[in-house]
Amino acid sequence: MLREVWLNIGVEKIDMHEGVMIKALLDSGATGMFMDRQMAARHGFKLQKLERPLVVRNVDGTNNSGGAITHQVECNVFYKGHMERIRIDVCNLGKTEVILGMPWLVAHNPEINWKTGEVKMTRCLPLCGGKTQKKEKVKRMVTEEEEKIVRWAIDDKEDWGREEEIEEDHRKIEEMVPKKFLK
């Protein structure tokens, strides 16, 4: 049974237009998009310092071993004819190189076959700039909420006040998880 969905993506440095192929984990439980700190250093990605550090908690509620997120990387991401420029937070991910979380999943709404792990980019919004695989193109207006989601995924996240939303998510998780597991 398939438990995880991985994408082979290209990640290109903006300043040098050099890229690497990596495996990215699609994670609907992640509240952002993340790149492993060691992977970023190994491939020479230019780190951009955040104005304020972002606290990172693991799925079990403990603080991430690497501490707060203090930097991000702006890069181009390529997947099956789809291309976008995004900002990815840099933190310790262990063996995982990149995690594409809910902001990415919501912005692109990919078609995922959970039996095979196949991912198709057939439902990207016009703002995305991605190439869709549909033969017929349907023109429609992008709603204000859809535009906000896409802009949050590619812009500086600090402008969107996500800290309060993330704190609220953590409170909801803490309410669901038995207290003995939250230490």
Hey, any hits in the stretch 10-17 for a residue that's under 26 Å from GLU175 (Cβ atoms), touching a Gly at 6+ places or on another chain (Cβ under 9 Å) and in a strand (DSSP E or B)? no
If I ask for residues that are surrounded by 14 or more Cβ atoms within 10 Å (Cβ to Cβ) and among the polar types (S, T, N, Q), which ones from the stretch 18-45 would you list? THR31, GLN38
For VAL77, state whether it is surrounded by 12 or more Cβ atoms within 10 Å (Cβ to Cβ), farther than 30 Å from GLU175 by Cα and either β-branched (Val, Ile, Thr) or at pLDDT below 90 (or both). yes
Breaking point among (1) among the aliphatic types (A, V, I, L, M); (2) part of a strand (DSSP E or B); (3) modelled with pLDDT under 90, for ALA107: (2)
Which residues, counting only those in the stretch 18-39, are aliphatic (A, V, I, L, M) and in a loop (DSSP other than H, G, I, E, B)? ALA30
Can we say ILE88 is without any contact (Cβ under 8 Å) to a residue 40 or more places away in the chain and under 15 Å from the mean Cα position of the chain (by Cα)? no
Checked the stretch 41-66 for anything touching a His at 6+ places or on another chain (Cβ under 8 Å), closer than 15 Å to ASP89 by Cβ and either touching a residue at least 24 places away in the same chain (Cβ under 8 Å) or assigned to a loop (DSSP other than H, G, I, E, B) (or both); matches are LEU47, GLN48, LEU50, ARG57
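The values are calculated or read from the model by the stated rules, or taken from the named source; none is laboratory data. Every value quoted in this text rests on a predicted model; they were computed, and no experiment measured them. With ideal geometry, Cβ positions are generated from the backbone for all residues, glycine too; neighbour counts draw on all protein chains shown.
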